[in-house]
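Asks: Below are the structure tokens for one structure; questions will follow.
Nothing in this text is a laboratory measurement; each read-out follows from the coordinates by a stated rule. Everything numeric in this text was worked out from a predicted model, so none of it was measured.
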Amino acid sequence: MRKRILTVSFIVAMTALTAWAGDKTVELNVKGMSCEACPPAVSGAVKGVKGVKACNVDLKSGKASVTADESVKNEDLVKAVADAGHGFTAEVVQ
């Protein structure tokens, strides 16, 4: 029984590590946000990019933190912000 529990635990741990391997975090400066409705609009647009796992947008700082697969191009994130409309623009923080 103990061997089975250890085996299952190992498999779960390896699956979790594999799921997070290859992720990157991209910080964006977002301009054009002016009200509480803006962060959800930006976040929704960025989350629509294939491979994006999470996007947190802060109105006060004008920053967006994006967690995505390594395959996601930074240019696609910037384009998604612009495509959200409302005059939003974004640039990657270096």
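Asks: Compute the Rg to Rh ratio over the stretch 22-92 from the alpha carbon atoms, using the Kirkwood formula for Rh, and round to two decimal places.
Replies: Radius of gyration relative to Kirkwood radius: 0.93.
Asks: Turning to a different aspect of this structure: What are the ³J(HN,Hα) values, in whole Hz, obtained from phi via the Karplus relation 6.51 cos²θ - 1.76 cosθ + 1.60 with θ = phi - 60°, for each residue of the stretch 66-79 in sequence order, with x given for Gly and Pro?
Replies: 10, 9, 8, 4, 4, 6, 6, 7, 4, 4, 5, 5, 4, 5
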